[in-house]
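*Asks:* Just dropping this structure here.
Throughout, read-outs are computed from the coordinates displayed, never taken from laboratory work. None of the values given here were measured: they were computed from a predicted structure. Here the Cβ positions follow ideal geometry from the backbone for every residue, glycine too, while neighbour counts run over all protein chains shown.
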Amino acid sequence: MKIRTIAFGLVVGSLSLLSYAQQPIVIKFSHVVANNTPKGNAADYFKKKAEELTKGRVKIEVYANSTLYKDKEEMEALQIGAVQMLAPSLAKFGPLGVKEFEVFDLPYIFSSYDDLHKVTQGTMGRKLLDKLDAKGVKGLAYWDNGFKSFSANKPMKAPADFKGMKMRIQSSKVLEAQMRSVGSIPQVLAFSEVYQALQTGVVDGTENPISNVYTQKMHEVQKHLTLSEHGYLGYAVITNKKFWDGLPADIRKQLEDAMDQATRYANQIAKVENDQALEAIKKSGKTEVYVPTAAEKLALKKQMFKAHSEMESRIGKEVIQEVYKSVGFSADKI
Ligand code: LMR
């Protein structure tokens, strides 16, 4: 009797061990933008590839549009292991203590995606991602979004148009300096709060790539959009380092392969999606789209360029210089 009970217990025990062993590893991937954006689509693509390559041993749960966490909370959630993956914009790493990422926010530092890729796909990009290790965070990849436009209820053409305007920014000191350089009053707000803040007049205007403007319907509460392309917004895909290092080696490798494929996909679709969003905004007739002249662009550039030297002590002069060198940027070309 006793032996039969022990044997029964062993069978039940090993069955439950077996079923435990077959439970997929769940990765919660939280982000703040809509599904039909460069980042939203890339996250869904990563899910598909990761589940295929791991043959279902990993399940990716994507939570879009701040449904799980807003900007600040998602960083904290990653560090404590409540979520395993995020792709915050490069402008949101300051609060984590990795200020060097704010180099990507410097106005006019990149004049094209090609310029940007010289950094994100080169040794400097990897070096920056490795700085996250000390925070318990592992940087996996850079995903593109695009170049930003300014929006407001009046046309934003010249530096004088910015004076006294309350402008929503992401949590980056460089963006703060950029807005102050033209006399605006910067206000940090979570992405999920921007639409309402614009609608109710808590802020007067903002900046973002067109895909974000369109999918958050910001163009419906902003009468003017200026295609200034004054700065870049993109992402670092990150994971909890302890979680990542603790994965079985074969699974980690399959996830790395899925990430490589998702990164290629992300960087292919980013420009196309921003172009499509611009067409959709124009078609909506809800906002006036303005393309600044070369002279207007230059005037804004001259003024906003002040943020570069001001931010040297925060980002590190050598970090800025390294980006200048990678992209062939020279201050005297301004
Ligand atoms: C923003 O807060 O404006 C952006 O970072 C949102 C995003 O993730 O693209």
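*Asks:* Take the alpha-carbon centre of segment 241-302, take the same for segment 44-68, and report the distance between them in whole Å.
*Replies:* Using only Cα atoms, the two centres lie 19 Å from each other.
*Asks:* With each run of n ≥ 4 DSSP H residues scored as -39500 (n - 2.57), what mean residue ellipticity at 222 nm is computed for the chain after dividing by its residue count and rounding to the nearest 500 deg cm²/dmol?
*Replies:* The helix-only estimate for the chain comes to -14500 deg cm²/dmol at 222 nm.
*Asks:* What number, in percent, do you get for the relative contact order of the chain if the mean sequence gap of Cα pairs under 8 Å and at least 6 apart is divided by its residue count?
*Replies:* 25
*Asks:* A further question on this structure: Among Pro38, Pro186, Pro292, which one moves the most in a GNM of the chain with springs linking Cα atoms closer than 10 Å?
*Replies:* Result for the chain, Cα springs under 10 Å: Pro292 fluctuates most.
*Asks:* Follow-up question, since we're still on this one. Which lysines have a Cα less than 17 Å from the Cα of Lys223, not counting those fewer than 8 places away in the same chain?
*Replies:* Lys148, Lys154, Lys157, Lys166, Lys282, Lys283, Lys286
*Asks:* Highest mean first, what order results for 75-86, 99-110 on Cβ atoms within 10 Å? If you can, show how the numbers build up before the last one.
*Replies:* Details: 75-86: 19.0, 99-110: 23.9.
Output ranking for 75-86, 99-110: 99-110, 75-86.
*Asks:* Ranked highest first by the average count of other Cβ atoms within 10 Å around their residues, in what order do 197-210, 49-62 fall?
*Replies:* By packing density, highest mean first, the sequence is 197-210, 49-62.
*Asks:* Further question: With a point put 7 Å past each Cα toward its Cβ, work out how far Gln321 is from Glu193 in nm, to one decimal.
*Replies:* The modelled label-to-label distance comes out at 3.9 nm.
*Asks:* Can you tell which of Ala236, Ala160, Ala294 shows the greatest fluctuation in a Gaussian network model of the chain with Cα springs below 10 Å?
*Replies:* Of Ala236, Ala160, Ala294, the Gaussian network model singles out Ala294 as fluctuating most.
*Asks:* Rounded if a/c is under 1.5, else prolate if a/b beats b/c, else oblate: with a ≥ b ≥ c from the C-alpha gyration tensor eigenvalues square-rooted, which is segment 229-334?
*Replies:* oblate
*Asks:* May I pose another question? Ranking request for peptides 132-144, 111-123: highest mean number of other beta-carbon atoms within 10 Å first, then the rest in descending order.
*Replies:* Highest to lowest by the protection proxy: 132-144, 111-123.
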